[in-house]
Amino acid sequence: MYIEGMTDLNEMILLLPLTPPDQKDAKVALIKERTTNRYFPAFEKVLKSHGQDYLVGNRLSRADIQLVELLYEVEEVDPSLIANFPLLKALKTRISNLPAVKKFLQPGSQRKPPIDAKKLEEAKKIFKF
C-alpha cells in the first residue's frame with residue numbers, strides 16, 4: 001500500500017522532463033501541492049502513529065528504501081518541500097547513513113542525477129519517440 005502511494009508521486013516526477021515547456025510550471029506546481037498536502041502528510045502520519053523508526057514495524061523494509069529514494073527525487077524538484085516533515089527528514093537521515101546506502105549516495109556512484117535536456121534528446125533518439 002505504501003509503495004503504491006509512492007509510485008503515484010514518483011511517476012509524476014519521472015514524467016516531468018517529458019512535459020512540454022508550456023505545461024512544466026503547472027506540473028511542478030501540482031507535484032508540490034500533492035507532495036505537501038497528500039503524500040508527505042500521509043507518510044509522516046504513519047511514522048508518528050506507531051512511533052517506530054520505519055514504515056512497517058520497526059524493521060527496515062523495501063518501503064523505507066523506496067520512500068527515501070522518493071524524498072531525494074522530491075528534493076531535486078524543490079528542496080524546501082520536506083522542511084515541515086521532521087519524521088520524514090529523520091527517516092531520510094537514518095537510511096542515508098546505512099553503510100551501503102551511504103556508499104551509493106557518494107559522488108561517482110551508480111546513482112544518476114536528474115535527466116537533462118541533452119540526455120532526454122539522446123533517449124528520444126534511441127527509443128524513437
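The values are calculated or read from the model by the stated rules, or taken from the named source; none is laboratory data. Everything numeric in this text was worked out from a predicted model, so none of it was measured. What goes into the accessible areas is simple: the full protein's heavy atoms, side chains included, and nothing from ligands, DNA or RNA. Shrake-Rupley method; radii C 1.70, N 1.55, O 1.52, S 1.80 Å.
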Accessible area of the chain belonging to carbon and sulfur atoms, whole % at 1.4 Å probe: 57
Solvent-accessible surface (1.4 angstrom probe) belonging to Thr36, in square angstrom, nearest 10: 50
Mean-position separation - Cα centroids, region 87-129 and region 1-68, in angstrom: 16
Å² per residue, accessible surface of the chain at 1.4 Å: 66
In Hz, Karplus ³J(HN,Hα) per residue of region 50-61 (6.51, -1.76, 1.60; θ = phi - 60°; x = Gly, Pro): 10, x, 9, 7, 10, 5, 10, x, 10, 10, 4, 9
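If each DSSP helix of 4+ residues adds -39,500 (n - 2.57) and the sum is divided by the residues in the chain, what number results at 222 nm, nearest 500 deg cm²/dmol?
Result for the chain: -20000 deg cm²/dmol, rounded to the nearest 500.
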Karplus-derived HN-Hα couplings along region 25-41 (A = 6.51, B = -1.76, C = 1.60, θ = phi - 60°), whole Hz, x at Gly and Pro: 4, 5, 5, 4, 4, 5, 4, 4, 5, 5, 4, 7, 10, 10, 6, 4, x
Phi-based couplings in Hz for region 90-98 (Karplus 6.51, -1.76, 1.60; Gly and Pro marked x): 5, 4, 4, 5, 4, 5, 5, 8, 5
Stokes-Einstein D (µm²/s) once Rh is taken as the Kirkwood radius of region 1-97 over alpha-carbon pairs, at 25 °C in 0.890 mPa s: 179
Most mobile of Leu67, Leu87, Leu30 in a GNM of the chain (Cα contacts under 10 Å): Leu30
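Please report, to one decimal in angstroms, the Kirkwood hydrodynamic radius of region 47-94 built from all distinct Cα-Cα pairs. Provide the component values of the computation, followed by the final result.
Numbers: mean 1/r = 0.0904 Å⁻¹.
Averaging 1/r across every pair of different Cα atoms and inverting gives 11.1 Å.
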Pairs from Lys89/Lys119; Lys27/Lys89; Lys92/Lys125 whose Cα-Cα separation, in the structure shown, is over 32 Å: Lys92/Lys125
